[in-house]
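Inspection log for the structure reproduced underneath, given as structure tokens.
The values are calculated or read from the model by the stated rules, or taken from the named source; none is laboratory data. Everything numeric in this text was worked out from a predicted model, so none of it was measured. Using ideal geometry, Cβ is built from the backbone for each residue, glycine included, and neighbour counts are taken over all protein chains shown.
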Amino acid sequence: MKSPVVWVTASLAAAIIVTATFLIATGTRGENSSFASSAGQLQVQTVAGGLVNPWALAFLPDGRMLVTERPGRMRLVTHEGQLSPPLKGVPEVWASGQGGLLDVIIDRSFADNSDIYFCYAQRAGNGGRTAVARAKLNAAAGRLDDVKVIFRQDGPLSSGNHYGCRIAQSPDGNLFVTLGEHFTYRDEAQNLANHLGKLIRIAPDGSVPSDNPFVGRDGARPEIWSYGHRNEQGLAFNPASGELWETEHGPRGGDEVNIISPGKNYGWPVIGFGIDYNGAKIHGSTSKPGMEQPVKYWVPSIAPSGMAFYTGELFPKWRGSLFTGALAGQMLVRLSLDGNKVTGEERLLRDLNERIRDVRQGPDGALYLLTDSTAGRILRVSPAK
């Protein structure tokens, strides 16, 4: 097991101060509701509304937030909870079906280089594919500069489904990106000759790290880190162990939480715990030698989405928990962990009746959620006063 990962920067300390100011400004804005939980009553505040299918949220060092909207817009959320105009310079996206502008993260050295990374559905021929871009955020001018596409998914094109498209950056700066199998081409998840149903690892400039597991192997794409995935919608490093965790959608049943290891096969569609949408059998079994087992699966499906490990101070009882949004399940899910074992599950905020697309821990220790609708919101979850 890798040694624990701790990331503490001066910019984070500054962000806590700025975010405190931000919360004073926004605390009386929007809706304010209370919900029961194992950590006591939860206060849910609307930080900002007016978003169309928001997909991803990233905190800047000064406490502002960067948010994507699936139709192709990226915005800043100010300290007052106001949305900026759409940032200029965002590439054209193919906003069809599940596609559009999807995940965004800031570089670990953002305070020095202003770099961000984002992924989106890119039109190609008669279909779409996942693309990853790097850019410099020019917040003062309201635009992205030096935009460069650093990766394009190779393989049969999507008709609008299963792009994956979550990004996580490791402490060494390399990027991990989830790539869906485009729904129609599920068997391609086992084919190392393309990027469908894979999790890849690339350098910040898009080049291939020399120690990737399939570098130099004939008939395999060198960017591949793991394979046999369906539609991976959550990705985060566990700060307690340094290991990479992932969530992905099953069909009817069989949503998974996986711990990712290089070169491993996670089984889709050969093994799994679900059935096809028409009730037909998909998998030969639930296990097979040489294929990895999930640490958690859901039957029926909840459609897990963005995920985050909680390390904050506002909820001391929840430190070390894994949180994931649920789209079909319309809730926030907390998984309690003992090392790499899931020991419990708590289903939260069900009365919100909202599809939760992303979950992030803010610099103030609160949980921030994105609701997936044409009237999408940023919500702040904290202990009730």
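Just a few scattered comments:
- If you check A135, A121, A95 for being surrounded by 20 or more Cβ atoms within 10 Å (Cβ to Cβ), of a type in the set (A, V, I, L, M) and in a loop (DSSP other than H, G, I, E, B), only one passes: A95.
- The number of residues in segment 241-255 being part of a strand (DSSP E or B), crowded, with 24+ Cβ neighbours inside 10 Å and over 14 Å from the mean Cα position of the chain (by Cα) comes to 1.
- Among the strands (runs of 3 or more DSSP E) confined to segment 172-240, the ones with at least 2 residues that are among the hydroxyl-bearing types (S, T, Y), out of contact with any His (no Cβ under 9 Å at 6 or more places or on another chain) and surrounded by 16 or more Cβ atoms within 10 Å (Cβ to Cβ) are located at 224-227.
- Here is the figure for segment 167-204: residues that are among the polar types (S, T, N, Q) and free of Cβ contacts under 8 Å to residues at least 60 places away in the same chain total 4.
- Complete set of residues in segment 86-123 that are of a type in the set (S, T, Y) and within 20 Å of N161 (Cβ to Cβ): S96, Y120
- The set of residues in segment 205-234 being in contact (Cβ under 8 Å) with a residue 40 or more places away in the chain and either farther than 23 Å from K148 by Cβ or under 18 Å from the mean Cα position of the chain (by Cα) (or both) consists of P213, F214, W225, S226, G228, H229, R230, N231, E232, Q233, G234.
- So K385, is it at pLDDT below 95 and either of a type in the set (V, I, T) or surrounded by fewer than 22 Cβ atoms within 10 Å (Cβ to Cβ) (or both): yes
- Any chance I282 is over 24 Å from V342 (Cα atoms) and surrounded by 15 or more Cβ atoms within 10 Å (Cβ to Cβ): yes
- Residues located in segment 39-62, provided they are touching a Gly at 6+ places or on another chain (Cβ under 9 Å) and polar (S, T, N, Q): Q45, T46, N53
- Of the listed requirements (1) touching a Ser or Thr at 6+ places or on another chain (Cβ under 7 Å); (2) surrounded by fewer than 22 Cβ atoms within 10 Å (Cβ to Cβ); (3) not aromatic (F, W, Y), E313 misses just one: (1).
- Checked against (1) under 19 Å from the mean Cα position of the chain (by Cα); (2) touching a residue at least 40 places away in the same chain (Cβ under 8 Å); (3) surrounded by fewer than 23 Cβ atoms within 10 Å (Cβ to Cβ), T374 passes all but a single condition, namely (1).
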